[in-house]
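Heads up: the structure comes next, in structure tokens.
The values are calculated or read from the model by the stated rules, or taken from the named source; none is laboratory data. Everything numeric in this text was worked out from a predicted model, so none of it was measured. Methodologically, a virtual Cβ is constructed for each residue, glycine included, from the backbone with ideal geometry; neighbour enumeration extends over all protein chains shown. Side chains are part of the model used for accessible areas, which takes the heavy atoms of the whole protein and leaves out ligands, DNA and RNA. Shrake-Rupley method; radii C 1.70, N 1.55, O 1.52, S 1.80 Å.
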Amino acid sequence: MGNIKEYIYITGPLLQNIALRLPNLSHLLLGNNLINDSIPNSLCKINSLYILDFSGNNLVGSIPNCWSKSKRLNEINLSSNKLSGIVPSSFGNLSILAWLHLNNNSLEGEFPSCLRNLKQLLILDIGDNQMSGAIPSWIGDIFSLMQILRLRKNKFQGNIPSQLCKLPALQILDLSNNKLIGLIPHCIGKLTAMIQGYKPSVSLAPGEPRYLEWYDQDVSQIIKGREDHYTRNLKLVANMDLSNNNLSGPIPKGITLLTALRGLNLSHNHLSGEIPTTIGDMKSLESLDLSHDQLSSSIPHTMSSLTFLSALNLSYNNLSGPIPQGNQFLTLNDPSIYGGNQFLCGAPLSNHCDVDEDDRDESGDEDGKEDNVVEKWLFYFVIALGFGSGFWVVIGVLLLKKSWRHAYFRCIDDALLRINGTFRRELAKLKKTCMGNPVD
């Protein structure tokens, strides 16, 4: 028989007097067990605690609001439980907290203002909760080290604050599945880490110990249409997901400056206008979803240069014209990714483009056709100019020279008289020939 792995899970509630029983505890790692009931208040009294991980359990109730100033607590992971209530204000006392995972619970309330004190945060994940209100603008002034901001699947509303553009280390921005409105900030292209990619150097406060390894961090992202959990390679992921909101206006051109992005999802919004032609500069893109918007015009030919692009969705927009052929588009041959665009044509769709192939080259460039149109108009212009010049030269001379005008019309009269006389003589000859001599 093959080896059978047996897993032993911790069940039941936590010790209510855990601080008395384990006063010198530094690492409390109880993730992915069957622990239930609430988090005991005595946990706040363990001053030596460095990492707290209760993720993936069945904890209920609210998070204790008893956290005092700590010079050691570096990570809190309470994700994937059944916690409710608000984020406790005493979290603001944990000034060196670097990793905060509260996602996949039932937390409520507005974005916690107590987090303004957590200037060392690298990851803030409060996604998959019931939080509401606006995303505060002070985020851009506080979280200069933050690399992952995940607020997805909440009830946040209002605009995306432009101050988010001030987060130079941000590599993952996930604001999807909220109620955000307005424009995507035009400064979005200033997110340095999404341009340059991962930089291993991190500024540390002098004398502050900290685990900088990312191997035990877990953040889920939807890229290429599926949800994956990133752990060991998390620090290498660069992704922006603004999907399933009520965003409007054009796609800002600056977003194409984010050349380190591997995933970009702007789907299920009300975005309009054209797809920026500079999108071809985003050479690292592996997944691009612009579906279910109101985008118009044609698909830029520059997209064929995105050699890493393996997942594309442009369906249900107002796109028109031929689908680019060649290069990367040869691998993107699923008709459904172009569906819902009535005026798109060409492979892999069944409706063919009504275009004379002799008028465009192999790359689909129409510059030659435009040149032909210009040449035709130039030809007609030259003919009209020559006719007008000749006409007004003759007429102008006759108008200005009286003697020439009289001579001209006298010549016309003489010509008419000669023609008339000749016509009469010829007519008389013809009549005499036809009638013949009379018989006596």
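Test each condition in (1) open to solvent by less than 30 Å² (accessible area, probe 1.4 Å); (2) over 22 Å from residue 134 (Cα atoms) for residue 37 and report the one that comes out false.
Of everything listed in (1) open to solvent by less than 30 Å² (accessible area, probe 1.4 Å); (2) over 22 Å from residue 134 (Cα atoms), residue 37 misses just condition (1).
When you scan segment 123-138, do you find a residue that is among the polar types (S, T, N, Q) and buried (at least 21 other Cβ atoms within 10 Å of the Cβ), even just one?
Yes: segment 123-138 contains one or more residues that are among the polar types (S, T, N, Q) and buried (at least 21 other Cβ atoms within 10 Å of the Cβ).
Can you say whether residue 82 is farther than 19 Å from residue 107 by Cα, open to solvent by 40 Å² or more (accessible area, probe 1.4 Å) and touching a residue at least 12 places away in the same chain (Cβ under 8 Å), as far as the supplied structure shows?
Taking the combined requirement at face value, the residue does not satisfy it.
All but one of (1) over 23 Å from residue 167 (Cβ atoms); (2) without any contact (Cβ under 8 Å) to a residue 24 or more places away in the chain; (3) open to solvent by less than 40 Å² (accessible area, probe 1.4 Å) hold for residue 230, so report the exception by its number.
With respect to (1) over 23 Å from residue 167 (Cβ atoms); (2) without any contact (Cβ under 8 Å) to a residue 24 or more places away in the chain; (3) open to solvent by less than 40 Å² (accessible area, probe 1.4 Å), residue 230 is out only on (1).
Conditions tested, residue by residue: (1) in a helix (DSSP H, G or I); (2) over 14 Å from the mean Cα position of the chain (by Cα); (3) aliphatic (A, V, I, L, M).
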site: 170; (1), (2), (3): no, yes, yes
site: 177; (1), (2), (3): no, yes, no
site: 181; (1), (2), (3): no, yes, yes
site: 194; (1), (2), (3): yes, no, yes
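Going residue by residue through segment 82-93, is there one that turns out to be among the charged types (D, E, K, R) and modelled with pLDDT under 95?
Within segment 82-93, none of the residues are among the charged types (D, E, K, R) and modelled with pLDDT under 95.
Quick test for you: out of 122, 149, 164, pick the one residue that is in contact (Cβ under 8 Å) with a residue 40 or more places away in the chain and of a type outside the set (S, T, N, Q).
Exactly one residue qualifies, and that residue is 122.
Restricting attention to segment 287-337, and to residues there that are assigned to a strand (DSSP E or B) and of a type in the set (A, V, I, L, M), which single residue is surrounded by the fewest Cβ atoms within 10 Å (Cβ to Cβ)?
Within segment 287-337, the match that is surrounded by the fewest Cβ atoms within 10 Å (Cβ to Cβ) is 311.
Residue by residue through segment 338-348, note down the ones that are under 9 Å from residue 315 (Cβ atoms) and either surrounded by 17 or more Cβ atoms within 10 Å (Cβ to Cβ) or among the charged types (D, E, K, R) (or both).
Residues satisfying the conditions are 338, 341.
For residue 68, state whether it is touching a Cys at 6+ places or on another chain (Cβ under 8 Å), small (Gly, Ala, Ser) and open to solvent by 70 Å² or more (accessible area, probe 1.4 Å).
no
Can you tell me which residues in segment 228-259 are among the aliphatic types (A, V, I, L, M), closer than 27 Å to residue 101 by Cα, at pLDDT 95 or above and assigned to a loop (DSSP other than H, G, I, E, B)?
Within segment 228-259, 242, 258 meet the criteria.
Which residue, of 132, 162, 220, is modelled with pLDDT of 95 or more, under 24 Å from residue 106 (Cβ atoms) and polar (S, T, N, Q)?
On inspection, the qualifying residue turns out to be 132.
Only one residue in 83, 73, 97, 115 is under 34 Å from the mean Cα position of the chain (by Cα) and either charged (D, E, K, R) or in a loop (DSSP other than H, G, I, E, B) (or both), so which one is that?
After applying the criteria, what remains is 97.
Quick one: which of 248, 284, 243, 267 is among the hydroxyl-bearing types (Ser, Thr, Tyr), within 24 Å of residue 157 (Cβ to Cβ), open to solvent by 20 Å² or more (accessible area, probe 1.4 Å) and in contact (Cβ under 8 Å) with a residue 40 or more places away in the chain?
248
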